[in-house]
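See structure below.
Please treat every number below as a calculation from the coordinates, not as lab data. These numbers come from a predicted model, not from an experiment. Cβ: placed from backbone, ideal geometry, glycine included. Neighbour counts: every protein chain shown.
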Amino acid sequence: MTGARRTDGSAGDADYGTIGAGYAHYRQPDPRIKAAIVEALGDARSVVNVGAGAGSYEPRDRNVTPVEPSASMRAQRPAGLATAIDGTAEHLPFDDDAFDAAMSTFSIHQWGDLGAGLRELRRVTRGAVILLSCDPAALDRFWLVEYAPEVIRTEASRYPAPADVARLLGGDVTTTPVPIPLDCTDGFGEAYYGRPELLLEPGARLANSAWSFVEPEVEGRFVENLTADLASGVWDERHGHLRTQPTFDGSLRLIVGR
């Protein structure tokens, strides 16, 4: 991770000025995952959303203040959501205890200084801090490891372990696995566990930043091999049961500090 700002303002290791163009199309909030976040928010009325992106998972019935460094992501926020403030997790422009709760979804692995960002969330928040992230130790449960292990290794190197997040966050912290539904509308990699054909779409891969860190030949090999295995039935022989499996116990985690 890096703290350097890119041309469009992206502050993490991924350049969303390049990869973020169709992000909002593929990364629609899943209602079941959103329900888990809303439950964790409890009765909090004012919420700061750090690394807010295009607004996924922001509750519409709360007073949400979004913070997002990438101009291309801020531009994709739909009408009806608050305009995002240009800022980073490590330097939040708010007073101490300004919000009832804080949230961040699929963002903490992008922060230049995780500890500083978590301290800032604690500083500006009176109540719970809710983080949706991934456990790097569980990423290899996904069949993608057979076709593009480089992508899995890249993701595992970027995501902090939940135990490290809990230690840095402090307080009473719980980490809960979040089941990934078969028809998940949020197109992070594991969302396609039972729909492999969809991950052959270039836009679906582009909306997962790990693909931007591997060599082009990795992506070419993935497309060629998966296409062949789907046509021959090899993928279904190995993983066909996933096509009807209601949920997948993957790497998705909800970390809540109180």
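Of the trypsin sites (Lys or Arg not before Pro) found in region 94-139, the ones in coil according to DSSP and having at most 15 other Cβ atoms within 10 Å of their Cβ are Arg126. Calculated from the structure at hand, Cα extents along the principal axes in Å is found among [x] 64, 41, 30; [y] 59, 37, 35; [z] 52, 41, 34 as [y].
Structural descriptor for region 16-257: relative contact order 23 percent, calculated from alpha carbon pairs under 8 angstrom and at least 6 residues apart.
For the chain, the Cβ-based charge dipole about the Cα centre amounts to some 580 debye (Lys, Arg positive; Asp, Glu negative; other atoms uncharged). Of all DSSP beta bridges confined to the chain, the antiparallel ones make up roughly 50%. Projecting the Cα atoms of Leu230, Leu131, Gly171 onto the dipole axis of the chain, where Lys and Arg carry +1 and Asp and Glu carry -1 at the beta carbon, places Gly171 farthest toward the positive end. For Asp30, Asp140, Asp186, the sequence from fewest to most other C-beta atoms within 10 Å is Asp140, Asp30, Asp186. Given the options Ala101, His25, Leu198, identify the residue whose Cα lies farthest towards the positive end of the charge dipole of the chain (+1 on Cβ of Lys, Arg; -1 on Cβ of Asp, Glu). Farthest towards the positive end: Ala101. Residues Glu215, Glu68, arranged from fewest to most other Cβ atoms within 10 angstrom of their Cβ, appear as Glu215, Glu68.
For the charge dipole of the chain, defined by +1 on Lys and Arg C-beta atoms and -1 on Asp and Glu C-beta atoms about the Cα centroid, which residue among Gly53, Ile180, Gln245 has the Cα displaced farthest towards the positive pole? Final value for the positive-end residue is Gly53. Each Lys and Arg adds +1 at its Cβ and each Asp and Glu adds -1 at its Cβ; summed about the Cα centre, region 130-258 shows a dipole of about 460 debye.
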